[in-house]
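Below: the structure, in structure tokens.
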Amino acid sequence: MDGIKTLGLCLCVVVIALCTPVYAASAAPTVSIEPASVEVLPEENFTVNITVDPQDFEIMGAQYYLYFDKTRLNATVQVSGKFLKQDGASTINLKNEVNNTAGIIEYGEMRTGVEDGITSSGVLASITFQALEPGVCDLGLYDVILSNPDAEEIPDILIENGSCVIKTDETPTPTSTTSPSDGATTATPTPTSTQSPTHTPTSTPMTTATTDNVSPTPSFSEPDVTATAPRETTPVQTQEETPMQTGRFTFTTIAGLLSVAYIILKRKR
């Protein structure tokens, strides 16, 4: 008797389980800021989109608040996207305000003249900012609400926020230059002044006899032409220059002077 009761109880449990409908778990709708990260320079403008992925839910209306750092960003304009009107339906903007003093942006929109909602993802609105001071600025969504055709709020919405990196506009000073011939990088040399090669004239000193012990025919050496020859870049001196001007004594000049010295010595004797 107890076995029959137990069998009957098990059959009842099986019947209840078979009659109970099974609902597949579905993902929650997602509201995102795209792109999630932006890098700009001061004074540059950039635009982010507020996108909605319904995840098979019917979206009839949407609203959000977006907070930003007012010292680093200035919101210039907010425009409606095509998400709620992508099938050609009309919409009403319930809210579209930009408050740079508080750093808050508000937006609200709903479909009109239709009974069904949107199930495909799209851009709800677009916001254009101007970068101000260098640094990192978070873009945060708050009080996001999505409603279905029954004017009921859809729970458990996923929020994906964004950020903006404002880089400094300082440009580093280059410390090297690239040679156009072989592409090698070398340090830029410090320019130094170069002097033009100068010719230093040399002459063989002439010894003048002052005493009787000096030989009447003093020896002399011919100037070193190789050592004093000018470089190819130095123009050759003209014949118009006298021996005293150039500092050189020719063989004829030296021989003449020696003859005079010999005559003087001979007279003294």
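Give me the pairs: first residue in the stretch 85-96 and among the hydroxyl-bearing types (Ser, Thr, Tyr), second residue in a loop (DSSP other than H, G, I, E, B) and exposed (fewer than 12 other Cβ atoms within 10 Å of the Cβ), beta-carbon distance under 6 Å, and six or more apart or on different chains, which are they?
Ser90/Gly113
Can you confirm whether the stretch 27-44 contains a residue that is modelled with pLDDT under 95, among the hydroxyl-bearing types (Ser, Thr, Tyr) and either assigned by TED's automatic domain parsing to the domain that holds Pro155 or out of contact with any strand residue (DSSP E or B) (no Cβ under 6 Å at 6 or more places or on another chain) (or both)?
Within the stretch 27-44, not a single residue is modelled with pLDDT under 95, among the hydroxyl-bearing types (Ser, Thr, Tyr) and either assigned by TED's automatic domain parsing to the domain that holds Pro155 or out of contact with any strand residue (DSSP E or B) (no Cβ under 6 Å at 6 or more places or on another chain) (or both).
Per-residue answers, yes or no, for (1) modelled with pLDDT of 95 or more; (2) over 25 Å from Thr30 (Cα atoms):
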| site | (1), (2) |
| --- | --- |
| Gly108 | yes, no |
| Gly135 | yes, yes |
| Ile159 | yes, no |
| Val165 | yes, no |
| Thr168 | no, yes |
| Ser176 | no, yes |
| Ser196 | no, yes |
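Could you count how many residues in the stretch 142-172 are out of contact with any Leu (no Cβ under 7 Å at 6 or more places or on another chain) and outside any strand (DSSP E or B)?
Number satisfying all stated conditions: 11.
Tally time: how many residues in the stretch 61-88 are in contact with a Leu (Cβ under 8 Å, 6 or more places away or on another chain), outside any strand (DSSP E or B) and closer than 25 Å to Asp156 by Cβ?
Summing the residues that are in contact with a Leu (Cβ under 8 Å, 6 or more places away or on another chain), outside any strand (DSSP E or B) and closer than 25 Å to Asp156 by Cβ in the stretch 61-88 gives 3.
Starting from residues that are under 44 Å from the mean Cα position of the chain (by Cα) and surrounded by fewer than 16 Cβ atoms within 10 Å (Cβ to Cβ), keep the ones in the stretch 142-154 and report whichever is nearest to Leu41 (Cα to Cα).
Tyr142
Scan the stretch 60-81 and tell me whether some residue there is touching a Pro at 6+ places or on another chain (Cβ under 8 Å), over 23 Å from Thr168 (Cα atoms) and either touching a residue at least 12 places away in the same chain (Cβ under 8 Å) or not aliphatic (A, V, I, L, M) (or both).
Yes.
Out of everything in the stretch 155-166 that is crowded, with 16+ Cβ neighbours inside 10 Å and aliphatic (A, V, I, L, M), what residue ends up being nearest to Thr91 (Cα to Cα)?
Filtering the stretch 155-166 for residues that are crowded, with 16+ Cβ neighbours inside 10 Å and aliphatic (A, V, I, L, M), the one nearest to Thr91 (Cα to Cα) comes out as Ile157.
Of all residues in the stretch 35-53 being part of a loop (DSSP other than H, G, I, E, B) and surrounded by 13 or more Cβ atoms within 10 Å (Cβ to Cβ), which is farthest from the chain's Cα centre (by Cα)?
Restricting attention to the stretch 35-53, the residues satisfying the condition of being part of a loop (DSSP other than H, G, I, E, B) are 35-36, 41-44.
Still in the running and surrounded by 13 or more Cβ atoms within 10 Å (Cβ to Cβ): 35, 42, 44.
On the way: Pro35: 20, Pro42: 13, Glu44: 14 Å.
Of everything passing the filter in the stretch 35-53, Pro35 is farthest from the chain's Cα centre (by Cα).
The values are calculated or read from the model by the stated rules, or taken from the named source; none is laboratory data. Everything numeric in this text was worked out from a predicted model, so none of it was measured. When we count neighbours, we look across all protein chains shown, and the Cβ atoms used for this are built from the backbone with ideal geometry, even at glycine.
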